[in-house]
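Structure record follows, encoded as structure tokens.
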């Protein structure tokens, strides 16, 4: 073989390898976007369910206005952060919403007629199921982000990622207060 043929072969193999790395990076980046989209779908569903829950509760909790307003404000914060695609703001707003919902459910304990209301129970069950699904999707999102970020920092992938402006994605993090059980003793006078 002539040196020119060997050189051409090496260039073709290197180019093929670079294309394989580039396509792999595209796959993991799209995996992050897909994982976020799955969270987004669930956030929208919960966003749509919360006003129904608040309306059902309003008739029973005329004097619990502060709790209802807290949930409504938190819902608006989550929606704003979600619409902006701001992962860090979503995690903060989610914490406030989670606390507000816990307070709402705790206040509902004081109203036996409300707890017995089928619509309230169905909405509470639906929102709880959405909360569980969102938690599951958060884990999938963080796994996808981790896969992307590891590839962006690994050799030889970083040689392709940097020139093509691939950027690391933020993990969806929660503070200890957002992941721990909520203390309901003060609500029940404990």
| field | Helix 3-58 axis, angle to the chain major axis (alpha carbon atoms, nearest 10°) | value | 10 degrees
| query | What length, rounded to one decimal in nm, is gained on full extension from residue 113 through to residue 132, with 0.36 nm per residue of separation minus their alpha-carbon distance? | reply | 4.2 nm
| task | Mind giving me the nanometre distance, one decimal, between the label points for residue 125 and residue 34, set 7 Å out from Cα along Cα→Cβ? | result | 3.2 nm
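Can you give the helix-only mean residue ellipticity at 222 nm for the chain, where every DSSP H stretch with n ≥ 4 adds -39500 (n - 2.57) and the sum goes over all residues, rounded to the nearest 500 deg cm²/dmol? Working shown, then result.
Working: 7 runs with 148 residues, N = 190.
Computed mean residue ellipticity for the chain: -27000 deg cm²/dmol.
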| query | What's the angle, to the nearest 10 degrees (0 to 90), between helix 87-108's Cα axis and the longest principal axis of the chain? | reply | 20 degrees
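Translational D (Stokes-Einstein, µm²/s) of the chain at 4 °C and 1.567 mPa s when Rh comes from the Kirkwood sum over C-alpha pairs?
Working: Rh = 19.5 Å.
In µm²/s, the coefficient rounds to 66.
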| message | Relative contact order of the stretch 3-179, please, whole-number percent, based on alpha carbon pairs below 8 angstrom and at least 6 residues apart. | response | 33 percent
| request: Rounded to the nearest 10 degrees, what's the angle between the helix 65-84 long axis and the longest principal axis of the chain, both from Cα atoms, 0 to 90? | output: 10 degrees
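Read-outs throughout are calculated quantities, based only on the coordinates presented, and are distinct from any laboratory measurement. These figures come from a predicted structure and were not determined experimentally. So basically every Cβ, Gly included, is an ideal-geometry build from the backbone, and we count neighbours across all protein chains shown.
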